[in-house]
Every structure is written in structure tokens, then in C-alpha cells.
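Asks: Sending over a structure as C-alpha cells; questions will come in a sec.
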Amino acid sequence: MCLTGWGVNAAPLRIAVASNFYPTLQTLVAEYPFPVVLSHASSGKLYAQIKQGAPFELFLSADMQKPRKLVELGLAEPSSLAIYARGQLALFAPGIERLTSLQQVFTAQQSPTIAIANPRFAPYGAAAQSFLFKHASKKSDMYKLVMAENVSQALLYVASGNADAGLVAYSQLIDKTDIPSSQFMLLPETDYPAIEQGIVILKNENTEKGKQFYRFIFSAATQSRLTKLGYLIPESSP
């Protein structure tokens with residue numbers, strides 16, 4: 001990988017990253033040879049910040065819609081719009097010893113609380129809402145829904161005991177040594193809309209730095225790492 005435009009005192013690359021991908025990107029950035037600053041929040045909040053002029057070189061969203069809108073607004077490079085990973089949804093219920101179905105959440109406790117990310121801002125929240133509509137629409141009076149600002153906060157609600165269960169990113173759970181695998185389950189992809197996570201290079205004076213990291217994300221080595229970190233990779237790369 002050829003890296004240019006990085007002087008001795010060069011400013012770090014600034015990346016806006018969706019909350020679900022933040023821990024994963026931290027792991028990947030540790031292997032990148034130049035300084036990177038990550039800002040994480042829900043995809044919707046980051047999109048709003050970029051529209052208002054926030055100084056980022058790259059945007060890694062949890063959906064394709066918001067990066068596509070930035071291209072339409074002339075704020076991102078059209079040719080850079082691509083899927084860098086496909087997210088997977090998981091059910092997390094630490095109070096259940098061996099979790100195998102959503103039904104266990106309803107039978108384990110009367111009127112359980114279920115945490116999801118806010119569907120208005122977070123693609124994982126929209127996927128979780130769709131899953132609940134498909135599997136629990138007739139039981140909506142049997143549980144209480146807790147809306148988190150993003151998928152990381154949804155996980156925190158469950159881990160801290162403020163919610164009995166949560167629909168969160170699978171990638172948040174598989175590398176947690178303090179969370180037994182028996183307390184969460186990967187949900188079938190057919191049970192919720194595809195979580196296609198999009199990336200764009202943003203237009204500014206440091207676009208070249210963004211392009212270099214973009215190539216790093218789509219390198220064979222990085223894409224292989226993503227499969228081990230809880231993601232599915234796109235069938236083709238740009």
C-alpha cells in the first residue's frame with residue numbers, strides 16, 4: 001500500500017464511524033501506520049454533523065442511505081460509495097443461561113424490557129424494530145421497549161441491567177470475554193432487512209488521506225479480519 005501526503009507533523013485522518021463499527025475500527029486502526037482520530041455516534045447524527053460542515057475525511061455508516069445522500073449533496077466522492085461490510089443482528093439476554101429463542105425472553109420474566117437503538121437514527125435499530133414486528137407484534141403488550149441513542153448504548157442498557165434483553169450488533173458480542181456465548185444468539189438474516197454498511201470519501205483538502213485509508217479498508221487482509229469480527233463482507237469490492 002502506497003501512502004503519500006503524510007508529513008512528519010501531518011494532521012491525523014479524521015473518520016466518522018457508526019457506533020456499531022467503532023470497536024472494530026479501533027482494532028483495525030491499531031494496525032494502520034499513520035495517526036487516525038475516530039468520532040462515533042449513530043449514523044443519523046454523524047450524517048447531520050457532516051451536512052453542517054464537520055471536518056471528516058471518511059464516513060463509515062451503518063447503512064447505505066446516508067452516504068448516498070452525501071453524494072447527492074455533493075459532499076462525497078460519487079465513485080467511493082460502496083458497501084464495506086454487512087452487519088448481523090443478535091439477541092442478547094444475560095439473565096437466560098442458554099439462549100436459543102426470543103420466546104425465552106417472554107417466559108423468563110413478566111413484561112421484560114427490550115433495548116434497541118432508535119430506529120430513526122440507527123440502522124441496527126430499524127433492523128431490530130423489523131425483527132420485533134415479525135416475531136413479537138402480537139406480544140407488544142407483553143414487553144417494554146427501551147430506545148437507546150445508538151446500538152452501543154443499547155448494549156450498555158442490557159449489560160448494566162437496565163434492560164432484560166437487547167437486539168444489538170453481533171460484532172459487539174463475539175469478542176467480549178466477559179459475555180458467555182450462551183447469553184446471546186445470532187439471528188437469521190432473513191428475519192430483518194439487510195444491514196448494508198456504506199462508506200464514502202468526503203470532499204475536502206485531505207481527500208487523498210481518505211483514499212489511502214479507503215484502500216486499506218478494502219484490502220484482502222482487512223476484509224478477512226472483518227469476517228472474524230462478526231461481519232459479512234460484500235461479494236465484490238471497489
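No value in this document is a laboratory result; all are computed from the given coordinates. As the structure is a computational prediction, the values presented were derived from the model and not from experiment. A quick note on method: Cβ atoms are made from the backbone with ideal geometry, for glycine too, and the neighbour counts reach across all protein chains shown.
Asks: Near LEU187, within a Cβ-to-Cβ distance under 15 Å, what is the net charge of the other residues, with Lys and Arg +1 and Asp and Glu -1? Don't jump to the answer; show the numbers that get you there.
Replies: Details: positive: ARG86, LYS134; negative: GLU189, ASP191.
Around LEU187, the charge tally is 0.
Asks: May I ask you to list the GluC sites (Glu not before Pro) in segment 142-223 that are in a DSSP loop and have at most 11 other Cβ atoms within 10 Å of their Cβ?
Replies: GLU205
Asks: Compute the Cα gyration tensor for segment 107-172, then decide on rounded, prolate or oblate, letting a ≥ b ≥ c be the square roots of its eigenvalues: rounded whenever a/c is under 1.5, prolate when a/b is larger than b/c in the other cases, and oblate in all that remain.
Replies: oblate
Asks: Below 20 Å, Cα to Cα, which lysines can LYS134 reach? Residues fewer than 8 away in the same chain don't count.
Replies: Leaving aside lysines fewer than 8 places away in the same chain, those within reach of LYS134 are LYS144.
Asks: Please identify every one of the trypsin sites (Lys or Arg not before Pro) in segment 126-180 that sits in a loop by DSSP and has no more than 16 other beta carbons within 10 Å of its own beta carbon.
Replies: Here the sparse-neighbourhood loop sites are LYS176.
Asks: Show which aspartates and glutamates lie in cross-link reach of LYS209 when reach means a straight Cα distance below 19 angstrom and same-chain residues fewer than eight apart are skipped.
Replies: Within the straight-line cut-off, LYS209 pairs with GLU31, GLU57, GLU77.
Asks: Let me ask you something else. Would you mind giving the three semi-axes, in whole Å and largest first, of the ellipsoid equivalent to the chain according to its Cα gyration tensor? Let's see the in-between values first.
Replies: Details: eigenvalues 232, 64, 45 Å².
The three semi-axes for the chain are 34, 18, 15 Å.
Asks: Let me ask something else. Per residue and in Å³, how big is the convex hull formed by the alpha-carbon atoms of segment 111-238? Write out the running numbers ahead of the final one.
Replies: Details: hull volume 18.0 nm³, N = 128.
Normalising the Cα hull of segment 111-238 by residue number yields 140 Å³.
Asks: Under a plain spin-label model, where a point goes 7 Å from the Cα along Cα-to-Cβ, how far apart in nm are ARG68 and GLN109?
Replies: 3.8 nm
Asks: Count charges around LEU156 for me, please; just the other residues with Cβ under 15 Å from its Cβ, Lys/Arg as +1, Asp/Glu as -1.
Replies: Once positives and negatives cancel, what remains is -2.
Asks: Counting other C-beta atoms within 10 Å, and keeping those with at most 12, which DSSP coil GluC sites (Glu not before Pro) do you find in segment 1-108?
Replies: GLU31, GLU97
Asks: Hey, another quick one. Only Cα pairs under 8 Å and at least 6 apart count here; give the relative contact order of the chain as a rounded whole percent.
Replies: Working: 465 pairs, mean separation 70.7, N = 238.
Answer for the chain is 30 percent.
Asks: For the chain, what is the mean residue ellipticity at 222 nm derived from helices alone (per DSSP H run of n ≥ 4: -39500 (n - 2.57); sum divided by total residues; nearest 500 deg cm²/dmol)?
Replies: Helices in the chain give a 222 nm mean residue ellipticity of -9000 deg cm²/dmol.
Asks: Contact order normalised by length for segment 89-186, with contacts defined as Cα pairs under 8 Å and 6 or more residues apart; what percent is it?
Replies: Values: 181 pairs, mean separation 43.8, N = 98.
That works out to 45 percent.
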